[in-house]
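Peer 1: Can you keep this structure in mind? I'll have questions shortly.
The values are calculated or read from the model by the stated rules, or taken from the named source; none is laboratory data. It should be emphasised that the depicted structure is a prediction, and the values quoted were computed from it without experimental measurement. Neighbour counts are summed over all protein chains in view; Cβ atoms, including those assigned to glycine, are modelled from backbone coordinates with ideal geometry.
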Amino acid sequence: MKSEDVAAYLKRNPAFFSENSEVLADLTLHHANPFHQRQLEVLRERHSREKARYDMVVESARLNQALEQSLHEFSCILLSESCWAASTLEEEVGSCFKLEGVRLCLEGDGRMPEGEFELLKDRVRHGGSICDDRVSSALLAGLFGEGNAISSCAFIPLSTSYVIGVLILGSAESGRFQPGMGVIYLDRIGELLSAILSRPPE
């Protein structure tokens, strides 16, 4: 396309830059005076920040929607049976939430030495879930076996009137569970499992 064609198009569409401001922000005007050039640079920077903020909001909404769907599917699975084995629950959690490692530790189930179980309970004794990407290799090996690929974990308390167990979610992504992250969905998973595990057998 020739420059004359571009000029003719813009003359026929005088509102083009008003309707497509992102194009104007990306233009480089070689003959603009320094003041106008700086104005354009400021506009570009502002546009870039706004776009990054918008992209972050969209991505957050997408992730939340995916989590809501996974939580719904998990709820339906839990309600489909009246009695669950710990290993089966671990498989279902891992499948629904796409996790590389899941460990369900319950008081008195004998799947973990009592001392180690008490240390796990201490992590969530305040009553809420926590995320941690600095879990020791020894603890990871004890939870998920030697040679595991887990880089970050979430620790979810399972409780009625007191903590009866801990659900540990393990991910190979170091950024999936980090300190300071929101835990509302993790707490919901814990509440669902606590309700299921506290039901009397039929």
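Peer 1: Which of the residues belonging to segment 96-148 are basic (Lys, Arg), under 18 Å from Met181 (Cα atoms) and touching an Asp or Glu at 6+ places or on another chain (Cβ under 9 Å)?
Peer 2: Arg123
Peer 1: Filtering segment 126-138 down to residues that are under 15 Å from Leu167 (Cβ atoms) and not β-branched (Val, Ile, Thr), which residue is nearest to the chain's Cα centre (by Cα)?
Peer 2: My answer is Cys131.
Peer 1: How many residues are under 16 Å from His126 (Cα atoms) and of a type in the set (Val, Ile, Thr) when one looks only at segment 169-202?
Peer 2: Going through segment 169-202 one residue at a time, the tally reaches 2.
Peer 1: Go through segment 6-40 and count every residue that is at pLDDT 75 or above and charged (D, E, K, R).
Peer 2: 2
Peer 1: In segment 94-153, what residues are in a loop (DSSP other than H, G, I, E, B) and among the basic types (Lys, Arg)?
Peer 2: Once the filter is applied, which keeps residues that are in a loop (DSSP other than H, G, I, E, B) and among the basic types (Lys, Arg), segment 94-153 yields Lys98, Arg111, Arg125, Arg134.
Peer 1: Among the candidates Ser161, Ser136, which residue alone is farther than 22 Å from Asp187 by Cβ, exposed (fewer than 12 other Cβ atoms within 10 Å of the Cβ) and at pLDDT below 95?
Peer 2: Every option except Ser136 fails the conditions.
Peer 1: Also: Just checking, does segment 67-75 include any residue being within 18 Å of the chain's Cα centre (by Cα), at pLDDT below 85 and either in a loop (DSSP other than H, G, I, E, B) or over 17 Å from Gly165 (Cβ atoms) (or both)?
Peer 2: Yes.
Peer 1: On to the next question. Given the options Glu91, Glu50, name the one that is over 17 Å from Leu167 (Cα atoms) and of a type in the set (Asp, Glu).
Peer 2: Glu50
Peer 1: If the Cβ limit is 7 Å and pairs must be 6+ apart or interchain, which residue in segment 1-22 that is farther than 20 Å from Leu40 by Cβ and in the same structural domain as Glu41 (by TED's automatic domain parsing) pairs with which residue that is at pLDDT 75 or above and not in a loop (DSSP other than H, G, I, E, B)?
Peer 2: Cβ pairs passing all conditions: none.
Peer 1: If you don't mind, there's one more thing I want to ask. Could you identify the single residue in Glu100, Glu81, Glu68 that is touching a helix residue (DSSP H, G or I) at 6+ places or on another chain (Cβ under 9 Å), of a type in the set (D, E, K, R) and within 15 Å of Leu186 (Cβ to Cβ)?
Peer 2: Answer to the check: Glu68.
Yes/no per residue for (1) of a type outside the set (Ser, Thr, Tyr); (2) within 18 Å of Ser95 (Cα to Cα); (3) not in a loop (DSSP other than H, G, I, E, B):
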{"residue": "Val166", "(1), (2), (3)": "yes, no, yes"}
{"residue": "Gly170", "(1), (2), (3)": "yes, yes, yes"}
{"residue": "Ser174", "(1), (2), (3)": "no, no, no"}
{"residue": "Gln178", "(1), (2), (3)": "yes, no, no"}
{"residue": "Leu186", "(1), (2), (3)": "yes, yes, yes"}
{"residue": "Leu193", "(1), (2), (3)": "yes, yes, yes"}
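Peer 1: Can you tell me which residues in segment 61-111 are aliphatic (A, V, I, L, M) and either in contact (Cβ under 8 Å) with a residue 60 or more places away in the chain or crowded, with 18+ Cβ neighbours inside 10 Å (or both)?
Peer 2: Hits for segment 61-111 are Leu67, Leu71, Leu78, Leu89, Val93, Leu99, Val102, Leu104, Leu106.
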